[in-house]
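Data first, discussion second: the structure below is written as structure tokens.
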Amino acid sequence: MLADRRTVFIETYGCQMNVSDSELMLGTLAAVGYEAVDSPDGADVILVNTCAIRENAEQRVIGRVGELKRSMKPGSIVGITGCMAQRLGPRILDQARHVSLVIGPDGYRALPELIARAQRGQRVTATDFDLEEHYEDFQPRRFDKVKAWIPVQRGCDYKCTYCIVPYTRGPERSRQLDDVVREARGIVEAGMTEVVLLGQTVNSYTDGTHDFADLLRALGRVDGLRRIRFTSPHPNDFTDRVIAAMAETPTVCEHVHLPMQSGSSATLKRMLRRYSREAYLAVVNRLRAAMPGLGLTTDIIVGFPGETDADFEETLSACRAVGFDDAFTFQFSMREGTPATRLPPELAVPADVVQDRYDRLVATIRGMARAKNLSLLGQRRELLIEKVARDGELLQGRSRDFKTVLVAADAAAVGGYLDVELTGTTGSTFTGTPVAPARPERQPLPLAG
Ligand code: SF4
């Protein structure tokens, strides 16, 4: 009945893990009768799923939460979920009187009950960690109809000094391999052929019996699954077993997003990344030897406390040595509650120096990506067509090595595969022309050593 219609709107900030958590929340609320809506205006429940990784992400959320007051009707409730909820806890309730729910990433199982309490007028905080929580039995309501994200691991044990994640998502824990495989089979039955495995350090996955290599091989045996990706790995967790499993599982795509953060061993030490410049470059070499044609992207932070000009030059030279296909670049942002706050204040890098280094890094990455992409013109790629491009005419697809390619084809091709020749590039994205399929399946490659 119309009078019983209950609606929920979720706005998501931050990383893909948060998008996946929003899918879990929508799934669990759908199971108790909530309908997802595309606008906060007049929704019964408005949830903002937040990110705490950078100061400006939190500022944006605070501004947005204030605006959402205007969307509320009598009886609406507004809740803050995710990493910022975990970090600030009840402080959010003090700052925003119209917010009645604050729920951390391990609290979503109780979401319907917590919402019911808020609807009875209570103001509720749920930010305890639950090391057993994997949301195993949840049925996510997926936003994407072409590829599916599967969280296989939650939390992080690394504690890099700049990072708030270990304090907002708690210690690392992994799902059981059989459950992940079952979810992948369900995804294929629902018509999707690509999965992206998610974890804070996804390749350190272990369910107590199986490691990440076992997981990749098990998913490689799922009938109908054509592509497996994962994000984000930690360089230290690329064991020989994992690299062999990647190379010998034809459905594992030839792309790795390998966060480097800095090319200076001294800076990496202060970041507590637990690898040196040389060790990072050695991982790159091992991956490339096992998977020729591998696309490599990365994350880099400039201006970490104590970073000297010489350290920054080492970052630039490491970028050139690797020849990244692309990079997410960040200016260091100090987060309250992270170990970096205890570094001596005199190590802070002046803002104008950080900006200058950032500009030089971006120019270096762009130049490198452009040169690499120009060198690929004339080559063929198999695309998974993901959507209609922004111009409304071309379709946008993704190659196995993670290149974005625009191609003229019928919209009915979305969700399917198309072989193309790369005919043009803007420097970052490509245009392609459909060609007859001539793609042999990737054969298992022998591994050195
Ligand atoms: S590995 Fe480091 S950067 Fe990544 S989530 Fe863990 S602590 Fe943060």
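A few notes on this one:
- Normalised by the number of residues in the chain, the average gap of Cα pairs under 8 Å and 6 or more apart makes the relative contact order 10 percent.
- Using a Förster distance of 30 Å, the FRET efficiency for T429-T206 (Cβ separation, nearest 0.05): 0.25
- Global geometry of region 380-434, whether rounded, prolate or oblate, following the gyration tensor of its Cα atoms and the 1.5 cut on a/c: oblate
- Two-site FRET efficiency, A279 against E35, from Cβ-Cβ distance with R₀ of 56 Å, rounded to 0.05: 0.65
- Antiparallel %, DSSP beta bridges [both residues in the chain], to 5: 35 percent
- Square roots of 5 times each gyration tensor eigenvalue, C-alpha, region 144-253, largest first, Å: 24, 16, 12
- Per residue, the Cα convex hull of region 88-223 amounts to 133 Å³.
- Kirkwood-type radius of the chain, with distances r between different C-alpha atoms, in Å: 23.4 Å
- Semi-axis lengths (Å, descending) of the ellipsoid that matches the C-alpha gyration tensor of region 2-126: 20, 16, 14
- For region 7-70, convex hull of alpha carbons as volume per residue, Å³: 70 Å³
- Exposure proxy ranking, count of Cβ atoms within 10 Å, fewest first, for D157, D44: D157, D44
- Zero-based 5 Å bins, Cα pair distances in region 261-407, whole percents: 2, 8, 16, 18, 17, 13, 10, 8, 6, 2, 0
- Put in line by how crowded their Cβ is, counting other Cβ atoms within 10 Å and starting with the fewest, E393, E11 read E393, E11.
- Extension gain, S317 back to L374 (0.36 nm per residue minus Cα-Cα distance, nm): 18.4 nm
- Here the Gaussian network model covers the chain, with springs between Cα atoms less than 10 Å apart; of D391, D326, D309, D391 fluctuates the most.
- Exposure proxy ranking, count of Cβ atoms within 10 Å, fewest first, for S100, S265: S265, S100
- Candidate lysines - alpha carbon under 27 Å from K387, same-chain residues fewer than 8 apart omitted: K145, K147, K372, K403
- Mean Cβ neighbour count within 10 Å, used as a protection proxy, ranking 116-122, 329-335 highest first: 329-335, 116-122
- Helix-only mean residue ellipticity at 222 nm for the chain, each DSSP H run of n ≥ 4 adding -39500 (n - 2.57), per residue, nearest 500: -10000 deg cm²/dmol
Every number here is computed from the coordinates shown, using simple stated rules; none is lab data. Owing to the predicted nature of the structure, the values given are computational and were not obtained by experimental measurement. Note that we place each Cβ from the backbone using ideal geometry, even for glycine, and neighbour counts take in every protein chain shown.
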